[in-house]
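Beneath this line is the structure, given in structure tokens, with notes to follow.
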Amino acid sequence: MSNQADNPCLSCGACCMTYRVSFYWAEADERGLPSSMVEHVTPHISCMAGTNASSPRCVALGAGTGGPMACGVYQQRPGPCREVQPGDDKCQRARARHGLAPLDGAI
Ligand code: SF4
Ligand code: SF4
């Protein structure tokens with residue numbers, strides 16, 4: 001997910017409500033993620049809080065500025081959030097799961 005002017009992510013957030021956003025535990029400290037927003041999955045793997053649920057929803061979703069679904073920890077977001085791009089396969093699958101129309105390729 002990314003935050004920019006005219007970015008569909010700011011009113012979407014589907015990927016933040018679809019996947020478990022997990023990463024090597026040390027990344028949370030390296031990026032400065034608030035501990036209240038991180039859950040431990042295994043001794044070595046953590047995830048964004050809320051994304052390990054059967055109906056995932058990241059706790060940071062909607063806590064940012066710029067749009068109703070803006071990320072509240074955009075500068076500190078972990079690697080998986082940086083990898084998904086508007087219009088890629090993970091994006092399109094997430095949007096389909098939430099009944100949103102596919103994007104016409106990357107922006
Ligand atoms: S599903 Fe796609 S458009 Fe929606 S927030 Fe994620 S990357 Fe952005
Ligand atoms: S940290 Fe931000 S970009 Fe990553 S899943 Fe949560 S709301 Fe989405």
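Laid out as a table, the results:
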item	result
Highest-first arrangement of 58-65, 25-32, 79-86, where packing means the average Cβ count within 10 Å	58-65, 79-86, 25-32
Cα→Cβ-extended label distance, 7 Å offset, between GLU27 and ASN7, nm	1.7 nm
Förster radius 22 Å - calculated FRET efficiency between SER35 and LYS90, Cβ distance, rounded to 0.05	0.25
Estimated translational D of segment 30-107 in µm²/s (Stokes, Kirkwood radius over Cα pairs; 37 °C; 0.692 mPa s)	238 µm²/s
Solvent exposure of segment 27-66 as accessible area per residue, Å², 1.4 Å probe	57 Å²
Net charge contributed by nearby residues that have their C-beta within less than 13 Å of CYS71 (K/R +1, D/E -1)	+4
Protein accessible area in the chain, 1.4 Å probe - carbon and sulfur %	52 percent
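The values are calculated or read from the model by the stated rules, or taken from the named source; none is laboratory data. All figures in this text were calculated on a predicted structure; none of them were measured in a lab. Cβ sites come from the backbone with ideal geometry, for glycine too, and all protein chains shown count toward neighbours. Remember, those area values only see protein heavy atoms, side chains included, never the ligands or the DNA or RNA. Shrake-Rupley method; radii C 1.70, N 1.55, O 1.52, S 1.80 Å.
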